[in-house]
1. Report the label-to-label distance for Glu133 and Leu446 in nanometres (one decimal), using points 7 Å from each Cα along the Cα→Cβ vector.
2. Using DSSP H assignments, which helices in the chain have an axial alpha-carbon span of 15 Å or above and a mean Kyte-Doolittle hydropathy of -0.5 or higher?
3. Would you mind ranking His5, His197, His34 so that the residue whose beta carbon has the fewest other beta carbons within 10 Å leads the list?
4. Counting other Cβ atoms within 10 Å, which chymotrypsin sites (Phe, Trp or Tyr not before Pro) in the range 242-271 have at most 11 and lie in a DSSP loop?
5. Ranking Thr84, Thr351 by Cβ neighbours within 10 Å, fewest first, what do you get?
6. Between Leu16 and Ile455, with labels modelled 7 Å along Cα→Cβ, what's the label distance in nm to one decimal, could you check?
7. For Cα pairs less than 8 Å apart in space and 6+ apart in sequence, what is the mean separation divided by the residue count of the range 265-459, i.e. the relative contact order in percent?
8. Could you work out the relative contact order of the chain, using alpha carbon pairs under 8 angstrom and six or more residues apart, expressed as a whole percent?
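What follows is calculated from the coordinates using simple rules that are stated; it is not laboratory data. These numbers were taken from a predicted model, which means no experiment stands behind them. When we count neighbours, we look across all protein chains shown, and the Cβ atoms used for this are built from the backbone with ideal geometry, even at glycine.
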Amino acid sequence: MLSRHTRLRTQIQIVLDAVLLGLSLYLAHQLRTHWRFEVFGGTRDIRSLESYMWLFPLVMVGGPFLLRSIGFYNRPFLPSRRLTAWQLIKGCVYATIGLVIVIFVVRQGGEIGRSVIILFGLISFGVISIKEEIVLQWRMGRLGGAPMEKRLILVGTTEDTVRLRQDLSRSQREELNIVAQLSINERPVSDLVELMHVHSANGVVLTAKHTYLGQIEQAIELCEREGVEVWLLADFFKTQISRTGVDDFYGRPMLVFRSGPDTSWPLAVKRLIDFWGALLLLVLLGVPMLLVGLIIKLGSPGSALFRQQRSGLNGRPFTMLKFRSMVTDAEQRKQELALLNEMSGPVFKVTNDPRVTPVGRFIRKWSIDELPQLINVLRGEMSLVGPRPLPVAEVARFDDLAHRRRLSVRPGITCLWQVSGRSEVRDFRDWVRLDLEYIDNWSLWLDLNILLRTIPAVLTAAGAK
């Protein structure tokens, strides 16, 4: 993995472990308070929690430092449970012994319960082990594995790509998936576009020699239009949109050309807000959503939910959920209404669409039909804020490859287009312009601003169709 990805992942782990170590000390004290037990002949009376407050900074700062020193954060992306348990046992034993020594020196064997420290070691091992198992299952499962997986295309001469692929295979990096190779000494660089579309790649590694600078520059331009990261083992090239960064790729210096948001703490916070925000909304709106589903079923024959293949991050297809607002044969009747399409470009929009049911007209007006997409957010397929996902068939009809850069971020339930007078946008190029404006200026504050502007837009049914 690129060092910046590994660094961010490690920082998140350190923060989580620090919180869990503090929680372990608190639980150890609470357990000892209600359980009159002491080891090594210590006192049976336990001091108040205030007497232990000075230990919390010590365990929350020193604990992760100790774990780092024994290589806990240098484990593989999918570590074995045996390795995790062994390193965690060593870390907890060392931490317990260290606390005993510190207490003896600072407090001179005072009345702090020794069993609290022993219980801290046991509880910290338990809670961090549970956290590690959850993280392991998440990375191996659908929710974590797919979003974190780097789907790479290797581009360069046959010799260079084969050698790099062998190096990566020997390193056994589970988070990397080499989905395709393009030998520029055998095939035209333009074939890279088809490979990115077919494999939904989110990274392209260029390894060609200096004699192929023209082809390398062409490949960077194609990736720039698509919003796909380029990892370049070569000299710097001038770009029009991408921001250039320097990174390390398994010991090799690399330039990264990026035309979307960089991997960062704000991006990690965005995903955290997405997950917990969607979960909270589903809990609060669960019963009303069930009632809406029942009304839809009673109002017209067919399923309450409408499922459609949409293009997600980097164009990867996913099944988007909505409350069904049209008749069941709406897709088949779409061609009949082609002449009424009000939007230029590959997308289809019709005011007063005759396929919409009476119930559907109401739920579309108040954007209730979008609520099941909270499940897509929980799955990691969508975000609360981002460009609206388009059907796979419409994305395939893009006549300008630059429009695909809107796929360089996770699609959202609401977006800048929707809060900027969506009924007034008739030209697909204006829609894309707003999406790219969002991508180029993304920040947590912009997301919050769009969410706040979405509330009155929904309550007033502004621009809804």
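1. Spacing of the two 7 Å Cα→Cβ label points: 4.2 nm.
2. Span-like helices here: 3-34, 55-69, 81-107, 114-140, 213-226, 265-299, 428-440, 444-459.
3. His34, His5, His197
4. Taking the range 242-271 and a limit of 11 other Cβ atoms within 10 Å, no loop chymotrypsin sites (Phe, Trp or Tyr not before Pro) are found.
5. Going from sparsest to densest Cβ surroundings: Thr351, Thr84.
6. 3.1 nm
7. RCO, the range 265-459: 23 percent.
8. Reported as a whole number, the value is 12 percent.
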